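Inspection log for the structure reproduced underneath, given as structure tokens.
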Amino acid sequence: MINLILAIISSSLVSIAMRVGEGTAKNNIGMLSVNYFICMILSIIYVGLGNLFQTGEGLGTAIGLGTINGFFYISSLVLFQNSVKQNGVVLSAIFMKLGIMMPLVISIVLFKEMPTLIQMFGFVIAIIAIVLINLKGKNINSESAERTELGIAKVGLILVLIGCGMSDGMSKVYQELGTDEFEELFLVFTFVIAFLFSLLLIRVKKQKITKSELFYGAVLGIPNYFSARFLLKALGEIPAVVAYPTFSIGTIAVITLTGVIVFKEKITKLQIFAIGLITIAVVLLN
């Protein structure tokens, strides 16, 4: 349970760090690149230089799944940062955590784990909550009203749900298909690939990394690494039906309180009701 609590704290700090740095760090991709460099270094430190080149059964799985996970990591954080600008940290973080529906889809398609009636009921409630949140798009925040009316914000929230859900879901996939021996190497390859993709984006966009991106990227990278590590460890100790909803609900609670108290973000009564439905849906889904 300690690993799960630490995962919740780390995940919350990731969202808060991104929110704090968005006004100062103008080059989001640069900040993400530094973030993944820090994650990569931390993962290498934990696995140990002497173990980077170990071989054995399960290495290929760690490399393959780590590569896929790295792609989802960079994609989901880019989507999340864009959504924060359009929708605010509260809604973006909620949809990020509602992405745990994706592990359910993964379980059905890959592992033939059919959902129960309760889980199906949770899925229906989640869809209703998503619709309710988007019905009053002009109330998401004053800055994003025009974008929301055009449907941009709505699409952004759905993409955050899918992208972040897949990055969370890969931990379950590795626990099913991978081995404990190469668990740390799975994280190494995850962050190496995410770092390389971020460098590619910087080159394509012809951007430069400033001191602000270096600072906030480093601040972001530390909790981002530990969020992934502690969640992976927690899934090895606690059943997914307990770990995922607790991880999501706990993070949502911390981020929501931070958004309202620290960042003075306002949410409508309809959004509060939808948030309540989302919380119920997260529990029922798992």
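The values are calculated or read from the model by the stated rules, or taken from the named source; none is laboratory data. Computed from a predicted model, the values in this text were never measured in an experiment. Here the Cβ positions follow ideal geometry from the backbone for every residue, glycine too, while neighbour counts run over all protein chains shown.
Tell me, please, whether a residue that is surrounded by 23 or more Cβ atoms within 10 Å (Cβ to Cβ), aromatic (Phe, Trp, Tyr) and within 24 Å of Ile63 (Cβ to Cβ) can be found in the range 218-233. Checking the range 218-233: at least one residue is surrounded by 23 or more Cβ atoms within 10 Å (Cβ to Cβ), aromatic (Phe, Trp, Tyr) and within 24 Å of Ile63 (Cβ to Cβ). Put simply, of Lys205, Lys233 the only residue that is at pLDDT below 85 and of a type in the set (D, E, K, R) is Lys205.
If only one of Ser142, Ser107 is surrounded by fewer than 19 Cβ atoms within 10 Å (Cβ to Cβ), at pLDDT below 75 and among the small types (Gly, Ala, Ser), which one is it?
Working: Ser107 fails: surrounded by fewer than 19 Cβ atoms within 10 Å (Cβ to Cβ).
Going through Ser142, Ser107 in turn, just one is surrounded by fewer than 19 Cβ atoms within 10 Å (Cβ to Cβ), at pLDDT below 75 and among the small types (Gly, Ala, Ser): Ser142.
When Ile74, Ile41, Ile29, Ile63 are checked against the criterion of being of a type in the set (Val, Ile, Thr) and in contact with a Gly (Cβ under 9 Å, 6 or more places away or on another chain), a single residue qualifies: Ile41.
Take the conditions without any contact (Cβ under 8 Å) to a residue 24 or more places away in the chain, more than 30 Å from Thr67 (Cβ to Cβ) and outside any loop (DSSP other than H, G, I, E, B) and apply them to Ile272. Does it pass? So Ile272 fits the description; yes. Annotation note: of Asn82, Asn69, the sole residue that is in a helix (DSSP H, G or I) and either among the acidic types (Asp, Glu) or closer than 17 Å to Glu176 by Cα (or both) is Asn69.
Scanning the range 236-245 for residues that are surrounded by fewer than 23 Cβ atoms within 10 Å (Cβ to Cβ), aliphatic (A, V, I, L, M) and in a helix (DSSP H, G or I) yields Ala240, Val241, Val242.
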